[in-house]
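The values are calculated or read from the model by the stated rules, or taken from the named source; none is laboratory data. Every value quoted in this text rests on a predicted model; they were computed, and no experiment measured them. Every residue, glycine as well, gets a Cβ built from its backbone with ideal geometry; the counts of neighbours run over all protein chains shown.
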């Protein structure tokens, strides 16, 4: 039972890191990015081939993946962030430059499926459909703890990573740069008129979001100890979007709340309850979960588009002036 | 050696023509709806899926194939109309941004696809129509079913073309595609035209789902969704809102997919379509076959 709770919470924490990544590109900058799972997968694969070893010798000659460097844990995380960020720089650099937002979304999803097909078919890279596996969890032998204690410790490690991401996100949100991101989301023309390079701002946000997703992906890979094309698909992107919508787009605490609501509450509730109510239909749980997620997205957008915890409004920091009196401030709504 | 290779390619082209006919049907529907409403409908694949399953259910009651096709079209039409009437239209009236409408179609796609999964289960269900023997037509090999699919696709696309060019509804649709505000100012009941457009879109998409199910021979809840982005590729390559462009785009995409399947793994089949899509978006976002440059919003 404790095992179950610990692993569920660990997954919830990791998914919150995913959601923070998407919150930068969608929540703050307003780009409909349908490729987050590509960055998550790239992060997970990169982490596993950097931290893990080459394919086990007894697996036969057909099992093969690149690198296998046995690097330290932290370098694995950094490598995952760098590679995911580089992918975003490449994709965003091309797609954000000239495409309007619905074409951008279509391009991201199409790119994700292309990369998916490539990873599945080009076996020398990440071993195709079999995937990378048998990668030891960080410090598992060095610590030599009982399994339950190690699991709990791993959860704490995820929590620490989430805490760092949270603080970074908070710093970005409060900084002038965070305001710039939101300005681009609200009115590109106005941001351009104030001398900002909208394309560059969007691209930066896209890369920051992808790095965060890559970091989450690395933790995901470390948790699963393996990764293959069956571990990710485009539909799961909507779980992250649902988390952001329910919690509150752009609100850091809201994203945390929404992420746990979707990945822990909705996910586990359907996983546990549906088989009890409808035994003998193996697909019912997954079907109901995604139907609930779809209905939640529609319902939240209609009744509470700002989410449970709305994004905080900017306030003038100049004391003694009325709200909206500062130069460039939001007009009162 | 060269002769046998040519034979392979021609066979691929023959397969490609049937695939292209199905894609073309669905693309014409999507392209019409996309240009009139300006919403990229990601639930379009599910309209096809629902059409295919409706034909399957109808088959349990009747073996008369046109009735199965009719059931498919009606089911697709109903769900497309309902999605617009109950979800998209209220949001539009409230002034929702276009991206929000896009996300709503994604949510509807999730609901419908998993609704089908919930009702029919995830296993493949066979959908077999009485088969006819293959015939050699020139260098190609077609069955009677293939010819019926290609024929009905051509007929429906012709009908859509005539509707757009010769009827008052088509004129109104083209006006709304250019500018909904201006159309409204001139007295066009835009809401009504948009509702009708969704209905027509769904009728054609449902029928396309029937042809897809008949040609694949088995149904799963993702049967239509698997073609969604291929259809978007065809619509964008051909130029959104252009019926002939949609046909040409579907032909190009269908052939590219089938010919690539001769040389590359099956996973890369859709990638061939996606490469064409990305090239089009980057180089000629108004579509490959559009000669007049239009302002892309």
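Data for the structure
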| quantity | calculated |
| --- | --- |
| Per-region count, segment A:79-98, residues within 10 Å of another protein chain (Cβ to nearest Cβ) and buried (at least 19 other Cβ atoms within 10 Å of the Cβ) | 1 |
| Filter result for residue B:154 (touching a residue at least 40 places away in the same chain (Cβ under 8 Å) and either in contact with a strand residue (DSSP E or B) (Cβ under 8 Å, 6 or more places away or on another chain) or crowded, with 19+ Cβ neighbours inside 10 Å (or both)) | no |
| Residue that is farthest from the other protein chains (Cβ to nearest Cβ), among those in segment B:94-130 that are out of contact with any helix residue (DSSP H, G or I) (no Cβ under 7 Å at 6 or more places or on another chain), farther than 25 Å from residue A:101 by Cα and at pLDDT below 90 | B:130 |
| Wholly enclosed helices (runs of 4 or more DSSP H) of segment A:176-272 bearing at least 3 residues free of Cβ contacts under 8 Å to residues at least 40 places away in the same chain and over 26 Å from residue A:119 (Cβ atoms) | A:176-186, A:188-193, A:198-224 |
| Looking only at segment A:287-304, and only at residues there that are at pLDDT 90 or above, more than 7 Å from chain B (Cβ to nearest Cβ) and buried (at least 19 other Cβ atoms within 10 Å of the Cβ), the one that is farthest from residue A:239 (Cα to Cα) | A:300 |
| Evaluation of residue B:82 against (1) over 18 Å from residue B:37 (Cα atoms); (2) within 14 Å of chain A (Cβ to nearest Cβ); (3) surrounded by 13 or more Cβ atoms within 10 Å (Cβ to Cβ) (one fails), failing number | (1) |
| Among the residues listed as A:120, A:105, the single one being under 17 Å from residue B:266 (Cα atoms), within 14 Å of chain B (Cβ to nearest Cβ) and part of a helix (DSSP H, G or I) | A:120 |
| Hits in segment B:94-144 - residues which are touching a strand residue (DSSP E or B) at 6+ places or on another chain (Cβ under 9 Å) and part of a strand (DSSP E or B) | B:125, B:126, B:135, B:136, B:141, B:142 |
| Test: residue in segment B:282-297 that is surrounded by 18 or more Cβ atoms within 10 Å (Cβ to Cβ), within 14 Å of chain A (Cβ to nearest Cβ) and either under 30 Å from residue B:95 (Cβ atoms) or over 13 Å from the mean Cα position of the chain (by Cα) (or both) | yes |
| All positions within segment B:242-269 that are crowded, with 24+ Cβ neighbours inside 10 Å and under 15 Å from the mean Cα position of the chain (by Cα) | B:245, B:246, B:247, B:249, B:250, B:253, B:254 |
| Exclusive hit being within 24 Å of residue B:52 (Cβ to Cβ) and crowded, with 18+ Cβ neighbours inside 10 Å, set B:205, B:172, B:183 | B:205 |
| Test: residue in segment B:61-71 that is within 11 Å of another protein chain (Cβ to nearest Cβ), at pLDDT 90 or above and either surrounded by fewer than 17 Cβ atoms within 10 Å (Cβ to Cβ) or assigned to a helix (DSSP H, G or I) (or both) | no |
| Residue within segment A:102-124 that is surrounded by fewer than 16 Cβ atoms within 10 Å (Cβ to Cβ) and closer than 20 Å to residue A:27 by Cβ present | no |
| Residue check for residue B:91: in a helix (DSSP H, G or I), within 14 Å of chain A (Cβ to nearest Cβ) and modelled with pLDDT under 95 | yes |
| Failed condition for residue A:62, given (1) closer than 26 Å to residue A:15 by Cα; (2) in contact with a helix residue (DSSP H, G or I) (Cβ under 8 Å, 6 or more places away or on another chain); (3) touching a residue at least 60 places away in the same chain (Cβ under 8 Å) | (1) |
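Here's the yes/no breakdown for (1) within 14 Å of chain B (Cβ to nearest Cβ); (2) touching a strand residue (DSSP E or B) at 6+ places or on another chain (Cβ under 9 Å); (3) closer than 30 Å to residue A:140 by Cα:
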residue	(1), (2), (3)
A:170	no, no, no
A:181	no, no, no
A:197	no, no, no
A:211	no, no, yes
A:219	no, no, yes
A:234	yes, no, no
A:248	no, no, no
A:260	no, no, yes
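Residues are listed down the side, and each one gets a yes or a no for (1) more than 11 Å from every other protein chain (Cβ to nearest Cβ); (2) within 30 Å of residue B:117 (Cα to Cα):
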residue: B:188; (1), (2): yes, no
residue: B:196; (1), (2): yes, yes
residue: B:208; (1), (2): yes, yes
residue: B:216; (1), (2): yes, yes
residue: B:223; (1), (2): yes, yes
residue: B:230; (1), (2): no, yes
residue: B:259; (1), (2): yes, no
residue: B:274; (1), (2): no, yes
residue: B:280; (1), (2): no, no
